[in-house]
1. When you check B:ILE87 against the structure, is it in a strand (DSSP E or B), within 11 Å of chain A (Cβ to nearest Cβ) and either hydrophobic (A, V, I, L, M, F, W, C) or over 21 Å from A:GLN233 (Cβ atoms) (or both), yes or no?
2. Among what's in the range A:80-114 and is among the acidic types (Asp, Glu) and over 21 Å from A:VAL32 (Cα atoms), pick the residue that is nearest to the other protein chains (Cβ to nearest Cβ).
3. Test A:VAL126 against the criterion of being more than 14 Å from chain B (Cβ to nearest Cβ), in contact (Cβ under 8 Å) with a residue 60 or more places away in the chain, buried (at least 24 other Cβ atoms within 10 Å of the Cβ) and over 20 Å from A:SER200 (Cα atoms), and give yes or no.
4. Identify the residue in the range A:639-658 that is under 13 Å from A:ASP324 (Cα atoms) and buried (at least 16 other Cβ atoms within 10 Å of the Cβ) and, among all such residues, is modelled with the lowest pLDDT.
5. Can you go through A:ILE104, A:ILE122 and tell me which one is in a loop (DSSP other than H, G, I, E, B), within 25 Å of A:GLU386 (Cβ to Cβ) and not acidic (Asp, Glu)?
6. Mind counting the residues in the range A:1-38 that are within 14 Å of chain B (Cβ to nearest Cβ), surrounded by 15 or more Cβ atoms within 10 Å (Cβ to Cβ) and within 19 Å of A:ASN226 (Cβ to Cβ)?
7. Collect the residues in the range A:428-448 that are aliphatic (A, V, I, L, M) and either modelled with pLDDT under 95 or surrounded by 20 or more Cβ atoms within 10 Å (Cβ to Cβ) (or both), keeping them in residue-number order.
8. From the set of residues in the range B:157-183 that are assigned to a loop (DSSP other than H, G, I, E, B) and facing chain A (nearest Cβ under 8 Å), which is surrounded by the fewest Cβ atoms within 10 Å (Cβ to Cβ)?
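The values are calculated or read from the model by the stated rules, or taken from the named source; none is laboratory data. Source: prediction; values computed, not measured. Please note: Cβ atoms are built from the backbone with ideal geometry, for glycine as well, and neighbour counts cover all protein chains shown.
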Amino acid sequence: MLDKLLEKDIVFLDGAMGTMVFDSGVEVPKHVEELNVTAPEVIKGIHKQYIDAGSDIIYSFTFSANRYKYSDSEYDVVDLIKRGVANAKEVAKDKLVALDIGPIGTLLEPSGTLKFEEAYEIFKEVIVAGNGADLVVFETMSDLYELKAGILAAKENSDLPIMASMTFEQNGRSFTGTSVRAFVTTAESLGVDIIGVNCSLGPIELKGIVREICDLTNLPVMVKANAGLPNPQTDEYDLDVATFLGAYQDFMRYGVKVVGGCCGTTPEYIKALHENLISHPKDIVGYKSTISSGTDALEIDGVKVIGERINPTGKKRFKQALLDEDIDYILSLAIEQVDAGASILDVNVGTLNIDEPEMMTKVVKAIQSVVDVPLQIDSSDLKAIEAGLRVYNGKPIVNSVNGEKEKLETILPLVKKYGASVVGLTIDENGIPSTSEKRIQIAKDILNAALSYGIKKEDVYIDALTLTVASSQDQAQETLKAMNYISNVMGLQLVLGVSNISFGLPNRPLMNQTFLTVAMTNGLTLPIINPNSKLLMDSVNAYQVISGKDIDSNHYIEKYKNEVDQPVVKTGESMDIFTAVNKGLENEVHKVVAELLKTKEPLEIVNEYLIPALDAVGNNYESGKIFLPQLIKSASSASAGFELIKQQLSQKDEVINRGTIVLATVKGDVHDIGKNIVKVILENYGFKVIDLGKDVAIEEVVEAVKKHEIKLVGLSALMTTTVKNMEETIKALRENELDCQIIVGGAVLTPEHSKVIGADFYARDAKDAVDIANEVFGYVS
Amino acid sequence: MDINYDLNQVKRYLGMDEQPNEIDQDIEKLYQRLKPLLDPKYYYRVFKFSLNPLKIENRIFKSKDMDKLLNTSDRVIILAVTLGGKIEQEIRRFNVANKFNSIVSDALLSSMVEDYQEKIIDQLRGEYPGKYFTDAFAPGYGDLDINFQRDIFDLLQLEKRIGVNLTPTMLMVPRKSITCFIGISDIAQGKVTGCDTCNMKETCQLRKAGKSCAR
């Protein structure tokens, strides 16, 4: 029915419900949607006024009706939603009813505490209850991640068309930082039917944003603006009908098709739109190869580096981190690569003895909480790919499919469903073809298969694969020939892992750099490389100038202007470790430990150098000579030394472990600084910390203690409100009869209160926690 | 509006004394780094109310301290300020990559959001010549239950207005945000806030040392 309606030049929505309800004189309850049951005539009356004013689609009065917001309502929220849709349907007759869904009312992870999966369940309940409507509208969304949970819930639990509407500030960003382009790229890929903006600003302030949306998509665009901005004294909106209408006339010129009003608008505003707006045909927009994170879209309009470091293949230290669930190690690789200039990060967590889908879910969420670049989900495990796609915020790349029928048939539907781009490797059941022609043929087969699933050509990237020139010298030319054709004739983006070329040869960096340059000349836009390699990044930067993408060489000049003829400074004698740790000099500690490793065993360095140095700092702290920030500075510098030692040990399949400790900031609490400090200090003393993070569910703590047979658990809580959850967590650990002791800490706790809630120890600070750990594990401190 | 920090306050939050320290420069450097990431916003509404207990629109705030705070006022401002969501990611990065910055920025940003709140209050004060403002009082102070935060959010629709959200445990997100009540009165009122109304008074390390976190 929506399809037919969209054949009209202009589709009219309704105006504000809230404003009308408050002006109706009815007594407004705390949960306004209860009026669907207590005063249905009032609600139907308002719907009717909008239909009389010319609305083609009215929104059901269900904006905030969800189980999170209605937890303290005496009414059943499912029933309220059903009644809300029924009330609208009754009045609508031949007009359409949109099931209106607003934000849940609490923020999702990573900034908030609501899990993506919980958000999905909340939306699912609303959608199932409201399936009597003609379409679903998500509106006033300021979090793209929440919107994605909603869209998935709608797609998987109904056949209704979807209208997705976010709110933006004047700077073109939502409150959670999503740009207009990230929103359009992601929502369109996820398959919404109408896209647009509502609320937050008046129509005049929204002009730039509306124009941008129209310039980015061929989907029907909708606008539902407020009647200006609210007055803090009266909470009323200031824009009159004529001014409101004037702004909408501009929207029509940009190509907007679907119009209505948000806060402060009334049937009068809709009537004015209905009687006066004239439609303008919208320009057709060319589709671009674009991917996106939760905040920023990235158009592949030149060479963009994909960072390759998040991959355990051949890296013992990384494998150990995965086994230890040491997410911070992976995050530090993510941050480091983005700082080094990566535009996209490849994420591969496949190794033996881990649950890859579960790890992928965890890692994708964690990486997206610290960097803003899009990710490439890389796995040979279909379940891991889907797990990553599902919880990813934005539009990712999937790495990869190939010419094998089974791969195409299982992975491409996921790529389509979750709105991703996909890498196709030119390999099939018969291996990597030796000729360029056959590689091109596989590329064509992959493209055709993708098109048949409704994936756009611009979202298919081909990896023509390279072998080492050491063993197959003629293959380099075949790869390059295929790349040239796929880029220039087929017009597809090219991905390539560059470093294979040099395997088995001396001076690999030189070979890699040269091959990278030649590959870019042959159309490579997405090299998968180590962005910490200066040689490779230099080539990319130079190529951007030569290919004309770095306009006026601005980026190049900025990057290299200080590099001219820099004399090599000879570093002097290194410091002793006590001074370096005491002063908190990370680079110095790193240098000293590297030097020590040449002559001493790793564990000897820990026991005879690092720990005594830390003890000295700890004593200064306890005696009040230095303060907490200085202690942390020293501890962080010591960590740099430990990292080197861990790397060394992992080469020999050894680890340092003086005892394993689980740490968690309890459920409901996001204040994890204290816990993080305790972690760093414990690790410095050689304890292995399993850090469950913040806002940790009670079961998760119990689970971890069981799984790793933990003897010591540290819990933190900062708020009086969350100490209760600390008590519950302790209770759960005791009820499961787990043989572990519990340390607690946090600003509102006292030693006495810690006993009351059942803890074994109270730690005043991180140093105290180390002393307790030493005691529990039987070390003399 | 330029948002600043009070060096001594930051150091007190970090458990330090006021003596010059090498950390002072680190604090300033961090301030310069965080400043471009601020996205400060505020929203307020002015309400009529009745007392014993305090009632604003359809919400009741049972609190003797609030009755005392507002007993000479004729209207009440509910104000919310935030440093915005952009710094949240940087804070998370510090947690992973730089624990020192993590702890120092937490103290620093607390001082900054308080500075911002004071500046907005001063600005509002300018709009009420001849009137006096009471102390700013917030859920979690004295006997004003932290759960009243939910009512404040409903009255001001802060999610929609300035992008501040509440967790089920009444924490604000973005974290560096403050809400408060301020009475508008014809007569000046003595101080209501202070250690006596602070729910940390039993465990506060500063207080034990005979100091206070207030400026």
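1. Values: in a strand (DSSP E or B): no; within 11 Å of chain A (Cβ to nearest Cβ): yes; either hydrophobic (A, V, I, L, M, F, W, C) or over 21 Å from A:GLN233 (Cβ atoms) (or both): yes.
It is false that B:ILE87 is in a strand (DSSP E or B), within 11 Å of chain A (Cβ to nearest Cβ) and either hydrophobic (A, V, I, L, M, F, W, C) or over 21 Å from A:GLN233 (Cβ atoms) (or both).
2. Looking only at the range A:80-114, we keep the residues that are among the acidic types (Asp, Glu), and these are A:90, A:94, A:100, A:109.
Then keep just the ones that are over 21 Å from A:VAL32 (Cα atoms); that gives A:94, A:109.
On the way: A:ASP94: 33, A:GLU109: 10 Å.
Among residues in the range A:80-114 that are among the acidic types (Asp, Glu) and over 21 Å from A:VAL32 (Cα atoms), the one nearest to the other protein chains (Cβ to nearest Cβ) is A:GLU109.
3. Working: more than 14 Å from chain B (Cβ to nearest Cβ): yes; in contact (Cβ under 8 Å) with a residue 60 or more places away in the chain: yes; buried (at least 24 other Cβ atoms within 10 Å of the Cβ): yes; over 20 Å from A:SER200 (Cα atoms): yes.
Considered against the rule, which asks whether it is more than 14 Å from chain B (Cβ to nearest Cβ), in contact (Cβ under 8 Å) with a residue 60 or more places away in the chain, buried (at least 24 other Cβ atoms within 10 Å of the Cβ) and over 20 Å from A:SER200 (Cα atoms), A:VAL126 comes out as yes.
4. A:ILE656
5. Numbers: A:ILE122 fails: in a loop (DSSP other than H, G, I, E, B).
Only one candidate passes the filter, namely A:ILE104.
6. 5
7. Initially, the range A:428-448 is screened for residues aliphatic (A, V, I, L, M), giving A:432, A:440, A:442-443, A:446-447.
A:ILE432, A:ILE440, A:ILE442, A:ALA443, A:ILE446 - these are the residues of the range A:428-448 that are aliphatic (A, V, I, L, M) and either modelled with pLDDT under 95 or surrounded by 20 or more Cβ atoms within 10 Å (Cβ to Cβ) (or both).
8. From the range B:157-183, those assigned to a loop (DSSP other than H, G, I, E, B) are B:157, B:163-164, B:167-171, B:174-176; that's our starting set.
Of the ones still in play, those that are also facing chain A (nearest Cβ under 8 Å) are B:163, B:167-171, B:174-175.
Working: B:GLY163: 27, B:THR167: 21, B:PRO168: 16, B:THR169: 21, B:MET170: 19, B:LEU171: 24, B:PRO174: 26, B:ARG175: 20.
So, considering only residues that are assigned to a loop (DSSP other than H, G, I, E, B) and facing chain A (nearest Cβ under 8 Å), the one surrounded by the fewest Cβ atoms within 10 Å (Cβ to Cβ) is B:PRO168.
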